[in-house]
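Read-outs throughout are calculated quantities, based only on the coordinates presented, and are distinct from any laboratory measurement. None of the values given here were measured: they were computed from a predicted structure. Note: ideal-geometry Cβ built from the backbone for every residue, glycine included; neighbour counts use all protein chains shown.
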Amino acid sequence: MGEPRPPAGGVTTTAREEGAPAAGSLGLGSAVALIVGNVVGTGIFLLPTSLAAFGTVSLVAMVVVTIGAVAMAMVFGRLGARIPEGGGPYAYAREAFGEFAGFWIAWSFWLTAWIGNAAIAVAWVGYVQYFARQVFGLNWAGVLGSIVIGLVGVWIPALVNLRGTRNAAAFQVVTTVLKFAPLLFVAVVGLFFVRTANFGAFNATHDNWVGAISMAGAVTLFIYSGVESVAIAAEKIKDPARNIGRASVVGVLACAVLYLLSTVAVMGTVPHGRLVNSTAPFADALNTMFGGSMGGVLMAACAIVSGIGALNGWTLLVAEMPMAAARDGMFPKGFGRVSRRGAPVTGILAGTILTSLMLLIGYASENAFNTIVLLASFTTVIPYFFSAAAQIFWLTTRTREVDRGRLGRDLVVAVLALLFAFWMAYGSGAEAVLGGTLMLLVGVPVYVWLKSQRGEYGPRDVRASKGMKQT
């Protein structure tokens with residue numbers, strides 16, 4: 001899970017924020033950078049530990065998930081060409097299946113944002129504990145210490161965002177570079193220190209290898225969250241019919257290379273038995289490569305700054321998504337109000353409180369990071385599933401223009417993406433599917449309440465959801 005992407009309600013008719021890219025201002029290079037910047041996040045800093053628990057079969061899962069992510073990127077490219085106004089999965093579901101489907105996808109995106117924030121916080125906690133132990137000799141391990149550190153990490157960005165988006169944006173710029181440098185270093189240099197004896201068993205679980213791949217794949221999917229970023233920002237892309245698909249595929253492949261190389265490097269340098277219990281795997285990898293602890297301390301410092309930056313950005317996103325949806329009449333009105341500093345206070349506070357509760361639930365389980373990530377993966381694939389379904393709907397019913405020359409290829413890719421999303425939902429596991437489904441169902445009475453507040457007792461004209469008044 002990377003830096004924040006544009007809000008799911010990106011089709012709102014509110015004025016563009018000062019300093020945002022003008023319509024059609026982002027070329028192919030900028031669009032690729034947007035994908036890479038949004039996809040690569042703090043989750044990767046703890047991913048090798050999570051995947052080590054499944055064994056080296058997880059590397060197979062990463063390849064399979066990458067293929068699925070590429071198929072999904074291609075679908076988003078075609079959908080972005082169909083609906084260049086922006087909005088991503090929110091807009092696709094609404095246009096293909098109606099207002100309620102659009103609301104449910106916006107709701108699912110909101111769930112993903114604040115649940116994912118808790119996963120970022122867990123990854124961040126491990127590096128804070130490592131840094132405190134190595135530099136100051138402080139032992140902040142244990143569930144209570146982890147919870148306290150995690151809550152501090154969650155609420156500091158909330159306070160920054162409450163002071164206004166300008167402060168949040170400036171804070172974000174400072175933290176971005178430190179995310180990429182250590183990952184690239186480990187991904188390239190670490191390969192020279194790989195030892196085959198450090199890799200664990202092919203399947204380290206008690207499940208069969210198919211189940212292990214499914215579970216590892218669901219965990220891996222979390223780090224690809226953001227593949228839809230360019231599709232959401234379609235109205236800002238030059239030649240969207242051509243560049244959305246190209247940027248999405250190139251961006252996913254670039255992230256895949258970084259992820260695979262860095263994960264292989266960490267798994268191959270840190271002995272498996274030590275890696276599965278590590279709270280700072282990249283720091284441990286550097287220490288193993290060069291000896292001592294200085295490399296690990298520097299890595300931990302980079303991860304800490306990167307993590308707080310990611311939490312800062314996603315805290316803003318947690319508030320921006322319901323704010324945009326509220327202005328479209330698809331979320332409670334309170335989420336659409338801003339303070340004198342321009343901060344969406346209701347969204348920030350509600351999202352941060354929910355993230356805090358998710359953090360507590362996560363640490364009550366055996367593996368906090370995996371528990372939260374699997375839940376976030378499930379809520380992530382719901383919009384992906386509906387997006388692929390929308391593409392299949394338009395290709396088969398031809399209610400929108402279809403390129404006959406590439407109909408077969410587009411249909412195959414869309415079906416592959418649909419099956420991939422379905423498989424990832426299955427791979428999330430019974431607990432995540434149950435919890436995620438219940439969270440999605442909570443949105444239904446919210447939708448009913450919104451309809452009653454507007455005095456609407458039937459489907460609303462789609463034009464109204466784009467800001468046009470009903471007659």
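Looking at Thr379, Pro344, Val249, which one has the Cα that reaches farthest to the positive end of the dipole of the chain (charges on Cβ: Lys, Arg +1; Asp, Glu -1)? It is Pro344, whose Cα lies furthest towards the positive end. In the chain, the longest principal axis of the Cα atoms and the axis of helix 240-269 are about 20 degrees apart.
For the listed peptides 439-451, 117-129, a ranking on the average number of other beta carbons within 10 Å per residue, highest first, reads 117-129, 439-451.
Scanning the chain for GluC sites (Glu not before Pro) lying in DSSP loops with no more than 15 further Cβ atoms inside 10 Å, the longest uninterrupted stretch between such sites is 86-365.
Taking Cα atoms only, the orientation of helix 209-221 departs from the longest principal axis of the chain by about 70 degrees. Over the chain, the reciprocal of the mean inverse Cα-Cα separation, the Kirkwood hydrodynamic radius, stands at 22.3 Å. For the range 28-456, a crude dipole built from +1 on the beta carbon of Lys and Arg and -1 on the beta carbon of Asp and Glu, taken about the Cα centre, is about 820 debye to the nearest 20.
When a footprinting reagent is the concern and you count Cβ atoms within 10 Å, what order do Thr379, Thr396 take, fewest first? The partial results should precede the final answer.
Values: Thr379 27, Thr396 12.
Fewest-to-most ranking of Thr379, Thr396: Thr396, Thr379.
The angle between the Cα long axis of helix 143-162 and the longest principal axis of the Cα atoms of the chain comes to about 40 degrees, rounded to the nearest 10.
Scanning residues 5 or more positions from Glu228 or on other chains, none has an amide H under 5 Å from its amide H, with H placed 1.01 Å from N in the peptide plane. With neighbour counts taken as other beta-carbon atoms within 10 Å, the residues Leu111, Leu79, Leu438 rank, fewest first, as Leu438, Leu111, Leu79.
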